[in-house]
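As structure tokens, the structure follows; a few thoughts come after it.
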């Protein structure tokens, strides 16, 4: 893994750390490509049940794309960043954003692409593109996680959304003092990792399929499809046996 991104797995939880604190963890091309590799590793490793993505240091989760990165001829590499697969994780494992500071532009897009969010109490979010005259089309996905008027205000003003306000709005799941951020994120990840993996995976599929579906009937059909393999699984039988025998279940993900 390039030094721009760190990757480790501890107790079924993968931790991905954007490691450019001197640049407020802004993403250069190497970091984008390394993140893309991380998502593939998470998805392909059966030992990983949940994942956390965070930034190095205590100032920034991610300040967006590093548009100061230059081509060999000295020109900004702005055109090379869109689209970059690293900022749009594709995995069926639950992914938690542990926001340790500012999350701006593509950094906020990365938070949006995660399933859950834990934020330090000093963290904040912003979409400053309106001040730079560049597009914000990826943030249409924020209609599912932020009230419309709050999102519109962020898009047209570029103003900050504090962690506390984001928590009140439901954009953030947990808020913690900076020193307890990763402990809080790991506790949430450990809870998920300890639960039935087939149900966790189907729940994620159901939610996102339901978002994309048109109307309640289609959403119910998507939910039926997502959970079809679960009820008759070996894990379902094991969960019931463990409950009857008053012990912890031994999940096999089958």
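The values are calculated or read from the model by the stated rules, or taken from the named source; none is laboratory data. Since this is a predicted model, take the numbers as computed values, not measurements. Using ideal geometry, Cβ is built from the backbone for each residue, glycine included, and neighbour counts are taken over all protein chains shown.
Considering each residue of region 176-183 in turn, at least one proves to be surrounded by fewer than 18 Cβ atoms within 10 Å (Cβ to Cβ) and within 18 Å of the chain's Cα centre (by Cα). Filtering 185, 179 for residues that are touching a residue at least 60 places away in the same chain (Cβ under 8 Å), over 14 Å from residue 125 (Cα atoms) and in the same structural domain as residue 111 (by TED's automatic domain parsing) leaves a single hit, 185. Candidates in region 219-240 are the residues that are in contact with a helix residue (DSSP H, G or I) (Cβ under 8 Å, 6 or more places away or on another chain) and under 22 Å from residue 145 (Cα atoms); of these, the one that is modelled with the highest pLDDT is 226. Screening region 106-165 for helices (runs of 4 or more DSSP H) wholly inside it with 2 or more residues that are under 13 Å from the mean Cα position of the chain (by Cα), in contact (Cβ under 8 Å) with a residue 24 or more places away in the chain and buried (at least 21 other Cβ atoms within 10 Å of the Cβ) returns the ranges 106-113.
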